[in-house]
Amino acid sequence: MESDSDSDGSHISATPPRNSKPPTLPPPPPPQPLPQALSSSHRSRTRAQTSFGAENPPKSLTKSPPKPTQDEPAPNFSPLSTLPFQIRRPFIQNRPTVPISLSIETLPAGYFSKSASFSKIHRPSLNFESTENDCGPPKSAGANSTDCVSQGNKPNSFKKHPNLIGTNAPLPPAKLRKCSASEGNFVKLNMNRSKRKFMNKKATRKTGYGSSGFKSYRRSKRKQKAQSDADQEDGLICEITEKKPKRAKGSELIEEAVLAAQNNASDENLVRLLNVMYGFDSFRDGQLEAIKMVLDGKSTMLVLPTGAGKSLCYQIPAMLLQGITLVVSPLVALMIDQLKQLPPELQGGLLSSSQTSQEAAETFRLVKEGAIKVLFISPERFLNAEFLSNFSSISISLLVVDEAHCISEWSHNFRPSFMRLRAPLLRARLNVQCFLAMTATATSTTLNAVMSALEISSANLIQKPHLRDNLQLSVSLSGNRMKDLLRLIKSSPFMEVQSIIIYCKFQEIGRAGRDGRLSYCHLFFDDTTYYKLRSLSHSEGVDEYAVSKFLCQVFTNGKHGKICSLIKESASREFDMKEEVMLTLLTQLELGEVQYLHLLPELNVTCSLNFYKTTPVLLADKDIVVSAILKKSETRQGQYVFDLPTVSNSIGFTTIDLLNHIQNLKLKGEITYEVNNPAYCYSIVKVPEDFCSLSAHLTRWLSEVERLKVQKLDAMFNAAVFAVNDCKKMQGCSDSQHTHCLQRKILDYFREDGQCDISNPMHKSSPFLRADIKVFLQSNSQAKFTPRAIARIMHGIPSPAYPSTTWSKTHFWGRYTQIDFQVVMEAAKAELMNFVGKNAL
Ligand SMILES: Nc1ncnc2c1ncn2[C@@H]1O[C@H](COP(=O)(O)OP(=O)(O)OP(=O)(O)O)[C@@H](O)[C@H]1O
């Protein structure tokens, strides 16, 4: 067996063999849920959502798992592992055919997860032959034609959507536009083409907003017409026709509705605007309240469930307010998704790291011209001094923080760069006066943290129930997930539904039923998956030892004002810390109670340079930068290799100025160069006086974050166990259907903020643990370990310094996933002390 034949001699184990299974477990998958969509063949418009766990059958943590019956028919599918992510059956009922891969562009809006992984999925080109089937059942089956706007449309019947990324993305015909559920599904991730798109958008610009905005719009229309006539004479009619804005039928109505709402943001005027712009008759719960609050200039916290229509709460104010609306989003995929969902009347743009500097400059130009009303940006932008200075002359009416829970370290999805979103900072740097924070899920601690960061008064909290009543929740223990899944999708109600999304790990019933229709969500759970997820919850934890080492490095040779850098990859290995954790620590050092440093944009800091025209020495005589490079670099294979911050510091340049200078030398043909080694850059503001207490403080903080993560998982596991084992099946619960009790448990969790009594099903000890750790240490005496590193190996968690490629070969890899991580750490600590003590003798 592979695990036993490794070279570390660790086959000598105190642990009895684990059943008949090989002892090694594959390393856990990276924490990136891969959405998979199965679309079935029924005419019903309901949706279903399932989640299932690891392939291994559960052990005995939960009571009486259902055993698969012997005579269960073997599934007549080819092995699922060989299937594409999306499997589509035709709409002919009960007649499966060979699965064909489904173009993402044809999926309904609800299919798009806010996961970056979607952006990586290869999207085959639109297959118009099969589009009709993709779009759902014929109208007679109860489907409204607007449910599937692309149905029956030939490619040349599409017009371009002004807010799409890329120029080739089609938009359904205007008369069907109001069905926004589908119109947002056409995404091109060709960022390089955005320039052309924006140039088109400039030509199609309609709103400067404010009443004068509309006058200038009409003036510009007249100009455009005149220009168009002139160009026609010049024989340019084809090109102009292509770029000419196509005013939607109702645009006059929209203009009137905007003006009316600008003059008086009454309920009636806002509903009218909603109706003419989106085609909806009424606002959903919470929307009108939020819109009015924002229009009133009040910073607002909006908590609405997924799919409840939060986007509209900034889109309508963006239409009505004079200045620009900035929307901060955590993922580029999410920004693109939101950009394409803007109504055509609302001009949008985005700034992302994947754009070239020319593209970003072009976007800024449009922003300055007022041609962009909504700009999507990532939180990392706020590190960029150039970005901030670009906004000095721009009036920002509203700053929206989407997925605002990312601001709080106590949330399920904390992002260090979101910590930068603090009202005082944003007011000082961007003169933002009004904030709208939006999230679907947040415990009260998270909400408090977000509201305090953005200085949102508790009176301005709009919060609607987290759970939607169109989701029917069921849960069952899974013995064999593939078999169980096949059995489930062949049973009622799943066999009748139109589409199924399968999530393999968590975070995802919110994706279902975003259109308000009944959706079924089923959770397959088993203790093996639970153990794996629980182990993974510890993957970002750190010890005080590592934190103090990290702090020493951060402040080594640091002098006030000097630019310093930490190369991400090597530092991550050295301190055995994930890059995100290092960034969290650095951000905390900047934004915590005392400001120790000032973070700068990330940079590739190692520069390798070749001289071409003039000899280096001659050039150095004329050029202070070259002179500094010669002093600070080492030559490797004829190249001058140096650290950018080091050279910057020596001549008092910023790294950006230095890079610009080098780039100019390149343009003159003097040099070629390349940069690598992405690094966190910062300048030191203050060196800490007491490293020990600072590292203890930071470690306590990170440990609490880790503890809450684990607690959340336990709470959800307990809810599932309760439903399966203890639910008295009253108030609507029956068989595996547990909507009522699961909803109650989930709400309890959010209300009580995870402080409710959560039992921990992990084992607290094992008679073999200490002995196994001892053997492991003896057989790996050449390596250095911390208690956490050992516990991670015993839990099968890879880390930067102990990657799975090397350490999963050990016999002990993932062997103790069922024992509480802290217990394993304690045992490791004791054994390490023994080991070190003996070796010291
Ligand atoms: N008042 C309304 N009436 C009918 N449909 C609406 C209304 N407001 C929004 N919608 C529709 O609801 C759907 C979900 O809206 P949206 O994407 O804004 O939800 P969300 O709350 O931002 O969800 P998430 O948290 O997942 O981002 C969209 O198709 C949108 O057009």
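List of remarks:
- Listed by position, the helices (runs of 4 or more DSSP H) contained in region 236-280 that have at least 3 residues being modelled with pLDDT of 70 or more are 251-263, 267-278.
- Within region 275-288, being within 6 Å of the ligand (Cβ to nearest atom) and within 14 Å of residue 254 (Cβ to Cβ) holds for one residue alone: 280.
- Filtered by the rule that a residue be away from the ligand (no atom under 14 Å from the Cβ) and touching a Leu at 6+ places or on another chain (Cβ under 6 Å), region 325-347 gives 325, 326.
- Just one of (1) modelled with pLDDT of 85 or more; (2) touching a His at 6+ places or on another chain (Cβ under 8 Å); (3) within 16 Å of the ligand (Cβ to nearest atom) fails for residue 488. It is (3).
- Here residue 314 meets the list (1) away from the ligand (no atom under 11 Å from the Cβ); (2) crowded, with 19+ Cβ neighbours inside 10 Å almost entirely, failing just condition (1).
- Candidate set: region 289-305, residues that are open to solvent by less than 40 Å² (accessible area, probe 1.4 Å) and over 22 Å from residue 453 (Cβ atoms); chosen: the one farthest from the ligand (Cβ to nearest atom): 291
- Among the residues making up region 351-366, those that are within 20 Å of residue 420 (Cβ to Cβ) and open to solvent by less than 10 Å² (accessible area, probe 1.4 Å) are 351, 352.
- Some residue of region 374-384 being at pLDDT 90 or above and either open to solvent by 10 Å² or more (accessible area, probe 1.4 Å) or not β-branched (Val, Ile, Thr) (or both): yes
- Selection within region 317-332 - of a type in the set (Gly, Ala, Ser) and crowded, with 20+ Cβ neighbours inside 10 Å: 318, 329
- Complete set of residues in region 455-480 that are within 26 Å of residue 528 (Cβ to Cβ) and at pLDDT below 85: 479
- Condition met for residue 292 (basic (Lys, Arg) and within 25 Å of the chain's Cα centre (by Cα)): no
- Restricting region 512-538 to residues that are out of contact with any Cys (no Cβ under 9 Å at 6 or more places or on another chain) and within 13 Å of the ligand (Cβ to nearest atom) leaves a set whose member that is nearest to residue 440 (Cα to Cα) is 514.
- Any hit, region 368-388, residues being assigned to a helix (DSSP H, G or I), touching a strand residue (DSSP E or B) at 6+ places or on another chain (Cβ under 6 Å) and under 23 Å from residue 597 (Cα atoms): yes
- Here residue 502 meets the list (1) more than 27 Å from the chain's Cα centre (by Cα); (2) over 21 Å from residue 743 (Cβ atoms) almost entirely, failing just condition (1).
- Pairs, first under 20 Å from residue 509 (Cβ atoms) in region 739-762, second modelled with pLDDT of 70 or more and open to solvent by 70 Å² or more (accessible area, probe 1.4 Å), C-beta under 6 Å, six or more apart: 740/731
- Taking the criterion of being out of contact with any Ser or Thr (no Cβ under 7 Å at 6 or more places or on another chain), farther than 19 Å from residue 435 by Cα and part of a helix (DSSP H, G or I), the residues of region 299-338 that qualify are 334, 336, 337.
- When residue 593 is tested against the conditions (1) assigned to a helix (DSSP H, G or I); (2) open to solvent by 30 Å² or more (accessible area, probe 1.4 Å), the lone failure is (1).
- Region 787-841: number of residues that are in contact with a helix residue (DSSP H, G or I) (Cβ under 6 Å, 6 or more places away or on another chain) and either open to solvent by 30 Å² or more (accessible area, probe 1.4 Å) or among the hydroxyl-bearing types (Ser, Thr, Tyr) (or both): 12
- Qualifying position, being touching a Ser or Thr at 6+ places or on another chain (Cβ under 9 Å) and among the aliphatic types (A, V, I, L, M), among 533, 488: 488
The values are calculated or read from the model by the stated rules, or taken from the named source; none is laboratory data. If you're wondering where the values come from, they're calculated on a predicted model, not measured in any experiment. All Cβ positions, even for glycine, are placed from backbone atoms using ideal geometry, and neighbour counts span all protein chains on display. SASA here: full protein model, heavy atoms, side chains in, ligands and nucleic acids out. Shrake-Rupley method; radii C 1.70, N 1.55, O 1.52, S 1.80 Å.
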